[in-house]
Amino acid sequence: MNILLSVLILSQGLHTIEGFGLFSVLSQVRKLVKAGVNSVEYLYSPNRRQSNDIVPEEYDFIIIGSGSAGSILANRLSENQDWKVLLLEAGNRANAFTEIPILAPLFQLTHFNWGYNMEKQEGICNAMEDGICAWPRGRALGGTTVINYMIYTRGNPIDYKRWESQGNPGWAYEDVLPFYLKSEDCHLGEPCNSRYHHKDGYLSVEYPFTSKLTSVFLKAGEKLGYRTVDYNTPDFMGFSPIQATQKRGKRHSVAAAFLDPIKKRSRLEIITSARVTNILINPETKAAYGVEFFKRKQKFSAMATKEVIVSAGTFHSPQLLMLSGIGPKEHLEELGIPLIKNLPVGETMYDHISYLSAVFTTNETIIGPIQALSPKEWLNWITHGEGLLTSLAGIEAIGYIKTEMSKEKADYPDIELLLNSIGSLQFDLGIISRPELRIKKEVYKEFFQPLEGKPSFSILPVLLHPKSKGYLKLRSANPFDPPLLYGNFYTDPENHDLRTMISAIRNIQRLCDTAPFRKLGTKQYEKPIPGCENHIFDTDNYWECALRSMSVTLHHQIATCKMGPEGDREAIVDSRLRVYGVKNLRVADSSVIPVTLSAHTNAPSMMIGEKLAKILEEDWSS
């Protein structure tokens, strides 16, 4: 079903909106999109006569995973006329619905999401079903770029100075900047003329929809001393409209950006619905030479004459390494997995966490649900790639601030602020966002439902540099079992993370008490979160309770295959992404990032893919 047909159906539904009611219309939207998510698995190779024929073959490089790094590697490596490349993806091709930016939350309720959850831990996720937070990850050609919120942030020079200073040469800001530029096709107007942006790359970067609230947000930031900046330059500290991975108003996943333009390249073979279960490693030489994978319940193998590259993401890359015998010795022995190399795989994991419920009401409507369903908006998006449908589900602007909790001497942010112009979960009447985030029905009814129909917005604080360290383990030796995921939110001994988030809320309150927001009649929504009623609202004790109830992941887990020098006890790969102790095997995705970044991890992962392509060109040029 194409987008135009879906719009026509939605438009027909809108003719009877007064009879149906908004709840019914939104329910039909959810059903329609979920019914249309069935996508086609395929094997692409111009040299194959029949796509159903999968036979063992030799390739120069085998890439596992088509996410932010994997798709770029597939593109760049297959540029070499002498190299044959295989890209294996467990998911299928995304459909046209995923191109609609405002529908981003919906696709976490489909099979394009692995559907993973964090293991239950005391003191967090109290407002979620069974006390368990959702941890979404993309399962499609293009990985998480098919379901994410498309926010394009790279981080700043201080982030990369920390990265390099841990013993990782070649990862300073000026070292990685060329690889960001190589990917980018800038459509941001004047910022594109800066040396920190580039035109004519594969990846389109645009400004999505913004309401008048963005201007208010930027002016309020100025009142507190924050300038309006381009956060993807070294002059990053301040407020800015969001930059997004969109092309003419449509989601620009890495599959659309880096794979679609090279469909006819004969040196690249892409197999979707292919679940890799084992990396083939010679136990004597400790050299990787191929992979095993399942497709349509049949087992296949493929051989690599040069290297195997694992780009399966922060969860699946360490899982696959451990299933293949690379990981903590005791853990693998416990599960009966023969040990190839004893490494602390999965023992380090950091994540950006955010808080959902810093909600403020206003005297005037910014954006309403009926506007989002308007046939006029759909037509504007289809014909011009503009309007509300390009919205990142309400996320419009970003602010980088340094709270009172920071011990950094440099002007370096510890909190990111995200402006959400549509309010909170009440915008879709709880039909999509509530189940997406596993919010309990009774919590939605008590806290969010009273906001329905009322003008509101929210500002989400994001903890950029958490001290709390999580980890993951194998659930079993069965490769089809999901890993055990432990976020360990707010467990740092000094309680630094919790206190920083409370400080962030105080900064948000000051921001919303400035003249630009007061002109809108802005007031904080003071209804207590269920379970926190015994605390006096707006005290630190109340906010601790609220944060432990409503904090969620921002999907930015890192470091499960951490990069570091040989003396680093947490390191899995070196600065050239080679797995320690195993030849011809590298990892390239956000799992290798060794330090928390002032960035969403999509763009850094793409940079990693670009950089590894250059490294491989250097290593195999002779």
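Below are the figures for this structure:
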item: Relative contact order (%) - segment 453-577, alpha-carbon pairs under 8 angstrom, separation at least six; result: 15 percent
item: Counted charge near residue 349, where neighbours are those whose Cβ lies closer than 10 Å (Asp, Glu -1; Lys, Arg +1); result: 0
item: Quarter of the Cα convex hull surface for segment 68-218, i.e. its orientation-mean projected area (nm²); result: 13.8 nm²
item: Highest-first arrangement of 389-395, 440-446, 72-78, 495-501, where packing means the average Cβ count within 10 Å; result: 72-78, 389-395, 495-501, 440-446
item: Potential lengthening between residue 519 and residue 541 on full extension [0.36 nm per residue; Cα-Cα distance subtracted]; result: 4.9 nm
item: Convex hull projection area averaged over all views, segment 191-278, Cα basis, nm²; result: 9.7 nm²
item: Principal axes of segment 583-622: Cα extent on each, largest first, Å; result: 38, 18, 12
item: For segment 225-272, the fraction of alpha-carbon pairs in successive 5 Å shells from zero, as %; result: 5, 17, 16, 13, 12, 13, 8, 8, 6, 2, 1
item: Surrounding net charge for residue 467, when Lys and Arg each add one and Asp and Glu each subtract one, Cβ distance under 9 Å; result: -2
item: Segment 349-441: relative contact order in percent, alpha carbon pairs under 8 Å with at least 6 residues between; result: 25 percent
item: D (Stokes-Einstein, µm²/s), Kirkwood Cα radius, segment 298-365, 1.567 mPa s at 4 °C; result: 83 µm²/s
item: Positive-end extreme of charge dipole, the chain - chosen from 563, 187, 593 (charges on Cβ); result: 187
item: Cα lying deepest toward the dipole's positive end in the chain, options 355, 427, 343, charges on Cβ; result: 427
item: Computed E for residue 285/residue 570 - FRET, C-beta separation, R0 25 angstrom, nearest 0.05; result: 0.45
item: Inter-site label distance for residue 79 and residue 57 at 7 Å from Cα along Cβ, in nm; result: 2.3 nm
item: Size of segment 538-622 as Cα extents on the principal axes (Å, biggest first); result: 65, 27, 15
item: Reduced Cα scattering model of the chain, Debye log10 I(q)/I(0), q = 0.09 Å⁻¹; result: -0.69
item: Rough spin-label spacing in nm, given labels placed 7 Å along Cα→Cβ, for residue 476 and residue 454; result: 4.8 nm
item: Cleavage-rule hits (trypsin sites (Lys or Arg not before Pro)) in segment 216-309: DSSP loop, at most 11 neighbouring Cβ within 10 angstrom; result: 263, 264, 296, 297
item: Distance cut-off 22 Å, percentage of C-alpha pairs in segment 247-366 lying past it; result: 57 percent
item: Lys, Arg +1 and Asp, Glu -1 on Cβ, resulting dipole of segment 536-622 about Cα centre, debye, nearest 20; result: 320 debye
item: Cα centre as origin, Lys/Arg/Asp/Glu Cβ charges: the chain dipole, Debye; result: 1080 debye
item: Separation of alpha-carbon centers, segment 219-254 and segment 473-528, rounded to whole Å; result: 21 Å
item: Size-normalised alpha-carbon gyration radius of segment 324-474, reference 2.2 N^0.38 Å; result: 1.47
item: Stretch gain in nm, segment residue 583-residue 303, where the contour uses 0.36 nm per residue and the Cα spacing is subtracted; result: 99.4 nm
item: Relative contact order, percent, the chain [alpha-carbon distance under 8 Å, six or more residues apart]; result: 21 percent
item: Shape parameters for segment 433-570, alpha-carbon atoms, Rg then Dmax in Å; result: 18.8, 59
item: Rounded to 5, the percent of DSSP beta bridges in the chain classed as antiparallel; result: 65 percent
item: Neighbour-count ranking [beta-carbon atoms within 10 angstrom, fewest first] of 303, 128; result: 303, 128
item: Virtual spin-label span in nm between residue 264 and residue 411, 7 Å along Cα→Cβ; result: 5.1 nm
item: Debye log10 I(q)/I(0) at q = 0.20, 0.29, 0.30 Å⁻¹ for segment 125-185, Cα point scatterers; result: -0.90, -1.08, -1.10
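Coordinate-derived values only; no laboratory data. Keep in mind that what you see is a predicted model, and the values were worked out from it rather than measured. No Cβ is skipped: glycine too gets one built from the backbone with ideal geometry, and neighbour counts run over all protein chains shown.
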